[in-house]
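One structure below.
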Amino acid sequence: MAVKLLKYFLLFFVFIMIFLLTKNPYSLKYNSNSVGKPEVELYGVKNYELLKSGVSSVLFAKKVLRYEKYDKMFDILALHKGDLNLIDSIKADTGLYTKDILYLDDNVKYTRSDDLALNTNSIKYDIKKKMLSSRLPFDLIKKNVTTHGNSFVYDMQKGIINAKKIKTVIKVEK
């Protein structure tokens with residue numbers, strides 16, 4: 001009886017060992033549908049947009065998390081040479097890029113090379129249409145004129161801003 005039990009135990013042990021040896025314990029389990037984890041993590045990112053005439057825009061980010069349908073960015077600086085021969089600069093703490101639209105949030109600061117500045121907490125930038133917009137309060141500063149408003153749409157190609165519920169303060173030097 002003991003010998004028979006030992007034979008069954010050894011047979012069971014051999015089957016377990018064969019199973020463990022044939023199983024690959026180091027296989028990579030890649031799941032692109034995972035919502036919680038990014039597919040790629042990038043650090044110190046520089047993204048250039050090139051045209052025939054040269055570099056038209058540059059985007060810097062300290063960290064980018066790439067998911068299947070969007071990119072999440074941190075500490076962003078975007079520079080763009082506009083159609084009016086002005087340099088646009090946008091800074092933000094966080095951002096999300098999906099389908100040619102860049103959403104920037106937290107401490108968003110837009111500046112233009114002709115001393116125009118715009119401060120808000122959230123901005124949407126449509127890359128194809130070259131339109132900046134926000135539904136949150138903003139401050140627009142140009143030399144001695146400060147404008148406060150509730151929402152805006154800015155056409156970067158034409159240099160025209162449309163805003164709602166604005167209040168403008170003009171400082172006059174005496």
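Would it be correct to say that residue 37 is at pLDDT 80 or above, under 33 Å from the mean Cα position of the chain (by Cα) and among the basic types (Lys, Arg)? Answer is yes for this residue. Residues in the range 79-101 that are farther than 20 Å from residue 134 by Cα, of a type outside the set (A, V, I, L, M, F, W, C) and free of Cβ contacts under 8 Å to residues at least 40 places away in the same chain: 81, 85. Taking the criterion of being in a strand (DSSP E or B), over 23 Å from residue 79 (Cα atoms) and in contact (Cβ under 8 Å) with a residue 24 or more places away in the chain, the residues of the range 147-174 that qualify are 163, 169, 170. Within the set 155, 106, the sole residue that is within 18 Å of residue 88 (Cα to Cα) and of a type in the set (Asp, Glu) turns out to be 155. Being among the small types (Gly, Ala, Ser) and at pLDDT 90 or above is true of residue 61. Within the range 1-34, the only residue that satisfies the criterion of being modelled with pLDDT of 70 or more and in a loop (DSSP other than H, G, I, E, B) is 1.
Answer yes or no: is there a residue in the range 142-161 that is in contact with a Phe, Trp or Tyr (Cβ under 9 Å, 6 or more places away or on another chain) and closer than 30 Å to residue 40 by Cα. Scanning the range 142-161, I find no residue that is in contact with a Phe, Trp or Tyr (Cβ under 9 Å, 6 or more places away or on another chain) and closer than 30 Å to residue 40 by Cα, so the answer is no. For the range 59-78, the tally of residues that are over 18 Å from residue 128 (Cβ atoms) and in contact with a strand residue (DSSP E or B) (Cβ under 6 Å, 6 or more places away or on another chain) stands at 13. Of the residues making up the range 117-133, those that are crowded, with 20+ Cβ neighbours inside 10 Å, more than 20 Å from residue 56 (Cα to Cα) and either at pLDDT below 90 or hydrophobic (A, V, I, L, M, F, W, C) (or both) are 118, 123.
Mind listing just one residue for me: the one in the range 107-116 that is loosely packed, with under 15 Cβ neighbours inside 10 Å and modelled with pLDDT under 90 and, of those, farthest from residue 143 (Cα to Cα)?
Looking at the filtered set, the residue picked out is 113.
Filtered by the rule that a residue be acidic (Asp, Glu) and at pLDDT below 85, the range 136-174 gives a lone residue, 173.
The values are calculated or read from the model by the stated rules, or taken from the named source; none is laboratory data. Since the model is a prediction, treat every value here as computed from it, not as a measurement. Reconstructed Cβ throughout: ideal geometry from the backbone, glycine too, with neighbour counts over all protein chains shown.
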